[in-house]
Amino acid sequence: MIRIIRPRLPTHLETSLLILTQEMAGTPVPERGEHAERMWERKTVRRDVYRPVREALEEMAPGVDCCMYCGNHLADTVDHFVPKSRCALRTFYWPNLLLACSTCNTRFKGNKHRGDGLVGSLLIDPTREDPFEHLDLGLASGVYRPVEGSSKGQWTIEVCGLNEGKRPRVRAEAWLNLAEDLQGWAQARTVGDIKGMRRKIYRMHTQPFADVCYAALHKAVSEKAPQVFVDEDPAVLDLLRDDEFRAAFQI
Ligand SMILES: [Zn+2]
């Protein structure tokens, strides 16, 4: 999971969302849940609201449309951070909308929610807070663990299935690819191959599980870096700390 900055929407889209929220507010409370589901599927809403909102979320997401929960690429659903069934009034509320893969959105998270609304949720919202305060990713294992004592970290791992199935294995592979690309980037720099350097940065940006790259960059400048990278080629840690590389990666 990666910290994501949420920009403002274009005014016309903000207005469309507000009008839909007002319609929801005018619906009797007991009927709101079902009405939210119907509105969400309404043809004009899909065309004029859902699609542009999804495009705005894709712009926000790191890499190639990376899921804002698990970090895998090509996410293609708009998720309600607080599910529609829990708070229908948040169905068309921009800060409640995230880009998610269908595995996170449907298979794992679904309608599960713990805590109080948006701000008091037990699930980490990467558009409001830094996930690294609650989650630690083992680079070699690809396994997420909660930062000591973080119930948010624990619940997020569980509810999004971050360590389920082949996800850890694919993250571990992403780390190996990243380490290789880093060395390739350094070799290209040595011979002044600017195009080659750009290609490597592009590959690192667009590979699945973008969270691996951000976790490595984060860990490289942490106090624990010498222990975290003890089994790696020392050149890899030096490169992750390299100002030119970090600037090229825009971290
Ligand atoms: Zn996902």
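The values are calculated or read from the model by the stated rules, or taken from the named source; none is laboratory data. Here the structure is a predicted model, which means the values were calculated and not measured. FYI the Cβ positions are ideal-geometry reconstructions off the backbone, even for glycines, and counts take in every protein chain you see. The area values use the complete protein model at the heavy-atom level, side chains included, leaving out ligands, DNA and RNA. Shrake-Rupley method; radii C 1.70, N 1.55, O 1.52, S 1.80 Å.
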Exercise for review: Answer yes if at least one residue in the range 194-211 is surrounded by 19 or more Cβ atoms within 10 Å (Cβ to Cβ) and small (Gly, Ala, Ser), and no otherwise.
Suggested key: yes
Practice item. Restricting attention to the range 57-97, report how many residues are assigned to a loop (DSSP other than H, G, I, E, B), more than 14 Å from the ligand (Cβ to nearest atom) and within 12 Å of the chain's Cα centre (by Cα). Key: 0
Practice item. Look at the range 14-66 and say how many of its residues are open to solvent by 70 Å² or more (accessible area, probe 1.4 Å) and at positive phi. Key: 0
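Could you pull out the residue among Leu122, Leu139 that is surrounded by 14 or more Cβ atoms within 10 Å (Cβ to Cβ) and under 22 Å from Ala172 (Cβ atoms)? Spell out the reasoning first.
Numbers: Leu122 fails: under 22 Å from Ala172 (Cβ atoms).
Step by step, each of Leu122, Leu139 is checked, and only Leu139 is surrounded by 14 or more Cβ atoms within 10 Å (Cβ to Cβ) and under 22 Å from Ala172 (Cβ atoms).
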Practice item. Tell me, yes or no, whether the range 167-188 has at least one residue that is assigned by TED's automatic domain parsing to the domain that holds Glu232, among the aromatic types (Phe, Trp, Tyr), under 18 Å from the mean Cα position of the chain (by Cα) and within 23 Å of Phe229 (Cα to Cα). Key: yes
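Please verify whether Arg114 is away from the ligand (no atom under 12 Å from the Cβ), at pLDDT 95 or above and open to solvent by 40 Å² or more (accessible area, probe 1.4 Å), treating the condition exactly as stated.
Details: away from the ligand (no atom under 12 Å from the Cβ): yes; at pLDDT 95 or above: no; open to solvent by 40 Å² or more (accessible area, probe 1.4 Å): yes.
The answer is no for Arg114.
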